[in-house]
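The values are calculated or read from the model by the stated rules, or taken from the named source; none is laboratory data. The shown structure was predicted, so the numbers you read here are calculated from the model rather than taken from an experiment. So basically every Cβ, Gly included, is an ideal-geometry build from the backbone, and we count neighbours across all protein chains shown. Heads up: the accessible areas ignore ligands, DNA and RNA and are worked out on the full protein's heavy atoms, side chains in. Shrake-Rupley method; radii C 1.70, N 1.55, O 1.52, S 1.80 Å.
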Amino acid sequence: MDSGGWSRRRFVGALAGGAAVAALPSCGDAPGPATDPATAPEAGTSPSREARRPSGPRPLYLGTYTSVEGGGSGVGLATYDPGTGRITGEGTIGGVGDPSYLAIHPDRRTLYAVDERDDGAVTAVRLSDRKVLGSRSTGGVAPCHLSVHPGGRWLLSANYGSGSVAVHPIDASGALGERTGLVRHSAPPPGPGQAGPHAHQVVTSPDGGHVLAVDLGTDTVYTYRLDQTAGTLTEVARARTRPGAGPRHLTFHPGGRYAYLANEVDNTVAVCAYDKASGRVTVGEAQSTGTGSGPTYPAQILVTASGRYAYLANRGHNSLTRYAVEAEGARLRLLDTVPVGGDFPRQIAFSPEGTLLFAAHQKSSTVTVFHVDEASGELRRAGEPFPSPVAVCALPV
């Protein structure tokens, strides 16, 4: 998907037409964020081993496209019941253009969104009063992913359209400063069917020592060191997938020695070894998604906090593949696929306590929720899908 260019918004515009979604109440009716100081993950990451247990409604933030027919008007606001998984709409934060991916600061006071447009930007929102603190240019085209460095002082973002990674400082208020770093993936050359680099994700390794960027266009995972004084990135290693794999999303096992790579173009996953000292990633053999031979566009892979199970979202197949994680993270064993209950699951995320899994569906404009059985890894639907305009990201905190 998107192999000929970055025109992701034009693509979803065609998908969004005719989707029936419920209107959300105004932002003024939304409750303030919870005051629980526990750290919350960015969208889609594995929950912490010490994540809090469920207690009362929790905030849920929803990403969308604002420039397509049927899209949203900003960042969607909702709450969810951590026991039942039921979602309740609470409003919208306006003033944010095409917020297709979201992340939250470790202190839970500030939300960050990409502005996935030609003139790419990242935006900060103070959650106590829903005030937009401003936007900063990413120096690239169509940023599609962002994450907060664990220290809370730097925001990392991936520009899909121009194949680059940007760094912005975060001040004490949560607001963003001018960009301090920008690296473009100029080598190796694009893979089969690709016109250029397409940075799709940027994350920090569990040990905090390296920043990794996944590029679909060059079939490469880049490893950088972040200078935490200057806010610049220096490349230290790169790992190639097999040609034409189209790597999209990388998730680490809790043990930190292995990670799992979802390959969008060739419908596979791969176990990767990670060396903490050098930051080097070694990509293993491609493995089946269990979805057959047709295009299934794997989107995102998650690993439970226990490290025992992994789940892969398959957009074309409208399913979640379930894997058993074995050999202390070194091996994935395919168990089954489960219908995801929506159309085109663009992104999935665990609740902080790890008992729920959220799937945001781009085509059906819905979010489905599953109960996660910690012992067996089985998924059980939690009620009916929640309507949300062109749902491309769900961030439970």
Handout entry: Residue-count net charge about residue 270 - beta-carbon cut-off 11 Å; Lys, Arg +1, Asp, Glu -1
Key = -1
Exercise for the section: Stick to the Cα atoms of region 307-352, pair each with every other, and give me the Kirkwood hydrodynamic radius in Å at one decimal. Expected result: 11.3
Handout entry: Heavy-atom accessible area per residue - region 176-247, 1.4 Å, Å²
Key = 37
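Leaving ligands, DNA and RNA out of it, report the carbon-plus-sulfur percent of the accessible area of region 221-378 at a 1.4 Å probe.
It is 46 percent, rounded to a whole number.
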Exercise for the section: Starting from the coordinates of the alpha-carbon atoms of region 271-380, obtain the Kirkwood hydrodynamic radius over all distinct pairs and give the value in Å to one decimal. Expected result: 14.5
Practice task
Go through 272-280, 57-65 and give me the packing order, highest mean Cβ count within 10 Å leading.
Solution key: 57-65, 272-280
Fill in the blank from the handout: Over its alpha-carbon atoms, region 108-204 yields an Rg and a Dmax in Å of 13.7, 47
Completion exercise
Computed over region 198-277, the convex hull of the Cα set has an average projected area, in nm², of 5.0
Exercise for the section: Let me know the charge dipole size of the chain about its Cα centre in debye, to the nearest 20, where only the beta-carbon of Lys, Arg (+1) and Asp, Glu (-1) is charged. Expected result: 240
Completion exercise
Simple spin-label estimate for residue 178/residue 278, 7 Å along Cα→Cβ, in nm, reads 3.8
Practice task
Quick one: give the max-minus-min coordinate of the C-alpha atoms of the chain along each principal axis, largest first, in Å.
Solution key: 49, 46, 42
Exercise for the section: Write down Rg/Rh for region 182-236, rounded to two decimals, with Rg from the C-alpha atoms and Rh from the Kirkwood relation over Cα pairs. Expected result: 1.01
Exercise for the section: For region 137-262, state the average projected area of the convex hull of the C-alpha atoms over all orientations, rounded to one decimal in nm². Expected result: 7.3
Exercise for the section: Please report, in cubic angstrom per residue, the volume enclosed by the convex hull of the alpha-carbon atoms of region 103-149. Expected result: 63
Problem - Per residue value of the accessible surface for region 94-164 (all protein chains in place, 1.4 Å probe), Å² - result: 28
Exercise for the section: For region 142-217 and region 85-121, write down the distance between their C-alpha centroids in whole Å. Expected result: 17
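In the calculated pair distance distribution of region 215-319, what percentage of Cα-Cα distances lie above 17 Å?
Numbers: 2956 of 5460 pairs.
Cα-Cα pairs of region 215-319 separated by over 17 Å account for 54 percent.
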Exercise for the section: Give me the number: length gained by fully extending residue 195 to residue 227, i.e. 0.36 nm times residue separation minus the C-alpha to C-alpha distance, one decimal in nm. Expected result: 8.4 nm
Exercise for the section: Pop the C-beta distance of residue 330 and residue 187 into the FRET formula with R0 = 35 Å and round what comes out to the nearest 0.05. Expected result: 0.70
Practice task
For region 342-385, list log₁₀ I(q)/I(0) at each q in 0.31 Å⁻¹, using the Debye formula over Cα point scatterers of equal strength and ignoring solvent, two decimals each.
Solution key: -1.07
Completion exercise
Averaged per residue, the 1.4 Å probe accessible area of region 260-371, protein heavy atoms only, in Å², is roughly 30
